[in-house]
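The values are calculated or read from the model by the stated rules, or taken from the named source; none is laboratory data. In this text, all values refer to a predicted model and were calculated from it rather than measured experimentally. Glycine also receives a Cβ, built like all others from the backbone with ideal geometry; neighbour counts cover every protein chain displayed. Side chains are part of the model used for accessible areas, which takes the heavy atoms of the whole protein and leaves out ligands, DNA and RNA. Shrake-Rupley method; radii C 1.70, N 1.55, O 1.52, S 1.80 Å.
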Amino acid sequence: MSGEWWRHAAIYQIYPRSFADGTGDGIGDVAGIRGRLGYLKDLGIDALWLSPWYTSPMADAGYDVADYRDIDPVFGTLAEAEAFLAEAHDLGIRVIVDIVPNHCSDRHPWFQAALAAGPGSPERQRFWFRPGRGDNGEQPPNDWQSNFGGPAWTRVPDGEWYLHLFAPEQPDWNWEHPDVREDFLRTLRFWLDRGVDGFRIDVAEALVKDPALPDFADMPIGVPAPWTDQDGVHEIYREWRKVADSYPQGAIFVGELWLTDPERFARYLRPDELHTGFNFPFLSAAWEARDLRTVIDRTLATHAPVSAPATWVLSNHDVTRVVTRYGRADTRHTWDLTREAHPADLALGMKRARAAALLSLSLPGTVYVYQGEELGLPEVQDLPEEVLADPRWVRSGHTDRGRDGCRVPLPWSGDAPPFGFSPAGGRPWLPQPPEWTAWTAEAESRDPGSMLTLYRTALRLRHETPALLADGLRWLPSAADVLAYARGDSFACVVNFGAEPAELPEHTEILLASGDLVAGRLPADTAVWLRTA
Ligand code: GLC
């Protein structure tokens, strides 16, 4: 475990609630993850990223943290987490944990103290408390809206309002306050001392706010909104980087950065800030050769000046699963499209998702795989309304079904729910579709044509093929609806987005194909890896 592993790692995202349940309460936990480490080793990933496992009332499934330095009892204990870290490391798997610095839980002791201490108190200064507008302060202090719907302000009984860019149960920290800065440094050290290999930073661009809290409607066009991407945020990450660099294991940061301006995105990846950031333009792109080529070129051009590796991400716990997205008429990710169900041709989506796997696993940089992607799980678009747990559902006045459809507990084995997710008799916190019999890890392990077999083979080849560790790519001549590129001097990947079968470039061996070739040509929505020398 040496060198700059993070420049070309394959990282698997675990969403703990939905990965594996070791205790039988229907909710995934650390015991469940420990029990499946062998599966992750066989899959061939280099590292794990775990969504939050901290003490939390779960108003946003753990992204509302009440204690950053302990594990929620639903997930287990700190001792179990430590044992898990040691076991993962023994298998050569690194572990990245989530850190949620923009906001905490309303049950966090400092927020509770702020509520109790009242207006004007030092305790309130760690958050954004303000008087309201209007004759009696009955209007929010400004016009900012919560990401989950409704105003970004909630009023407390003494009349003041507090800021929350997400749910009311997630008050935003005031990063101008030294206590907040100091406490997060403590949290970083706490986990680094326990051997974690990195942090995924939640809502990484939003920590610093324009302290004047101006109305958004009054802002000039073309500057960042006053709650995001403020210049002061970079100083925080420079400080964090120094802490991470002071540890022998050399921990890394990956930022959740939903920024549209590539230059501003790259500023976060300067050598003394974050190592990497999620590539959301790639995740959001349509299944379309020209769009994807533009995104790939732009990604590489954005990262080169700061010498940061690109990341390639097809999905995560917030967005529609790829098989479903690629089977829809509109194959992009947009937040509007996640609000409700849309018809999807899952056979077509599966074909494309297989091809997309070979695309994303052969581009230069780090690749992320969201749990279940390797099984080809579809989005569960028809969860009954009464089980929907995402705060988006309630906050939107029941107009946005939220993100639960990509968070349904994984099917591991057997032919009926809980599909080995929970011990027999356990009832998963979201219902699994009965037809997932065909998508269990067990069934797919036996099937040479399954998505799981494709991922396992591709990840093995990725490790065995030195060309895939080379920097950059070279586009090869191809038809307009085909992407063909070379890596190093002996590898090429070709993806056909068009309807007509495509000719393959000269090669000595077909390493892997996402579907059958037809008379040596590459059919629609299929990808192939070639040895070229
Ligand atoms: C990030 C997380 C998402 C969460 C939000 C608020 O976007 O990925 O799941 O709801 O932050 O913490």
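Need the C-alpha centroid separation for the stretch 219-290 versus the stretch 84-111, integer Å.
Each part reduced to its Cα centre gives a spacing of 19 Å.
Where the convex hull is taken over the Cα atoms of the stretch 63-181, what is its projected area averaged over directions, in nm²?
Result: a mean projected hull area of 9.1 nm².
Rounded if a/c is under 1.5, else prolate if a/b beats b/c, else oblate: with a ≥ b ≥ c from the C-alpha gyration tensor eigenvalues square-rooted, which is the stretch 334-440?
Because a/c hits 1.5 or more and a/b fails to exceed b/c, the stretch 334-440 counts as oblate.
Per 0.36 nm of contour for each residue apart, how much would the distance between Glu182 and Met219 grow if the chain were fully extended, relative to their Cα-Cα spacing?
10.2 nm
Could you pull out the trypsin sites (Lys or Arg not before Pro) across the stretch 482-533 that fall in loop regions by DSSP (anything but H, G, I, E, B) with no more than 12 other Cβ atoms inside 10 Å?
The qualifying sites: there are none.
According to the square roots a ≥ b ≥ c of the eigenvalues of the Cα gyration tensor, what is the shape class of the stretch 448-510, taking rounded for a/c under 1.5, prolate for a/b larger than b/c otherwise, and oblate for the remainder?
Taking the square roots of the gyration eigenvalues as a ≥ b ≥ c, the stretch 448-510 is oblate.
What is the distance in Å between the Cα centres of the stretch 1-42 and the stretch 415-446?
Cα centroid of the stretch 1-42 versus Cα centroid of the stretch 415-446: 17 Å apart.
Rank by packing, highest mean first: peptides 467-477, 81-91, 495-505, 98-108, with packing defined as the count of other Cβ atoms within 10 Å averaged across residues.
Ranked by mean Cβ neighbours within 10 Å, highest first: 98-108, 495-505, 81-91, 467-477.
Counting pairwise Cα distances across the stretch 144-224, what percent come out greater than 15 angstrom?
Of all Cα-Cα distances in the stretch 144-224, 70 percent exceed 15 Å.
Measure of size requested: the Rg and Dmax of the stretch 222-285, with Cα atoms as the atom set and Å as the unit; please supply both.
Over the stretch 222-285's Cα set, Rg and Dmax evaluate to 12.7, 42 Å.
Per residue, how many Å² of accessible area does the chain show with a 1.4 Å probe?
Accessible area per residue, the chain: 38 Å².
Normalise the Debye intensity by I(0) for the stretch 397-533, one equal point scatterer per Cα, no solvent, then take log10 at q = 0.12, 0.15, 0.20 Å⁻¹ and round to two decimals.
Evaluating at q = 0.12, 0.15, 0.20 Å⁻¹ gives log10 I(q)/I(0) of -0.68, -0.86, -1.06.
Estimate the FRET efficiency between Asp516 and Ala304 by the formula 1/(1 + (r/R0)^6), using the beta-carbon distance for r and 41 Å for R0, to the nearest 0.05.
So the FRET efficiency works out to roughly 0.65.
Take the alpha carbon atoms of the stretch 483-524, find their radius of gyration, then divide it by 2.2 N^0.38 Å using N residues; give the quotient.
Relative to the 2.2 N^0.38 Å estimate, the stretch 483-524 comes out at 1.12.
Restricting attention to the stretch 326-385, which chymotrypsin sites (Phe, Trp or Tyr not before Pro) occupy a DSSP loop and are surrounded by at most 16 other Cβ atoms within 10 Å?
Those that pass, being in a loop and sparsely packed, are Trp335.
Once phi is turned into θ = phi - 60°, what whole-Hz ³J(HN,Hα) does the Karplus curve with 6.51, -1.76 and 1.60 give for every residue of the stretch 14-22, x standing for Gly and Pro?
Ordered by residue, 3J(HN,Hα) equals 9, 9, x, 4, 10, 8, 7, 9, x Hz.
Expressed in nm to one decimal, what extension gain is obtained for the pair Glu464 and His89 from 0.36 nm per residue of sequence separation less their Cα-Cα distance?
Answer, rounded to one decimal: 132.9 nm.
Using the crude model of +1 on Lys and Arg Cβ and -1 on Asp and Glu Cβ, and no other charge, please compute the dipole size for the stretch 425-492 relative to its Cα centre, in debye to 20.
I would put it at about 140 debye.
If N is the number of residues in the chain, what value comes out of its Cα radius of gyration divided by 2.2 N^0.38 Å?
Normalised by 2.2 N^0.38 Å, the Cα Rg of the chain equals 0.97.
Heavy atoms only, probe 1.4 Å: what % of the accessible area of the stretch 25-160 goes to carbon and sulfur, would you let me know?
Reported share for carbon and sulfur atoms: 50 percent.
All other residues with a Cβ under 15 Å from the Cβ of Asn142 taken together, and with Lys, Arg as +1 and Asp, Glu as -1, what is their net charge?
Taking every other residue near Asn142 into account, the sum is -3.
In deg cm²/dmol, rounded to 500, what helix-only [θ] at 222 nm does the chain give when every DSSP H run of at least 4 residues adds -39500 (n - 2.57) and the total is split over its residues?
Value at 222 nm, helices only, nearest 500: -7500 deg cm²/dmol.
Mind checking the dipole of the stretch 281-388: about its Cα centre, +1 per Lys or Arg Cβ, -1 per Asp or Glu Cβ, Debye to the nearest 20?
560
Give the carbon-plus-sulfur fraction of the accessible surface of the stretch 294-389 in %, rounded to a whole number; probe 1.4 Å, heavy atoms of protein chains only.
53
Suppose every Lys and Arg Cβ carries +1 and every Asp and Glu Cβ carries -1, with no other charges. What dipole size does the chain come out with about its Cα centre, to the nearest 20 debye?
980
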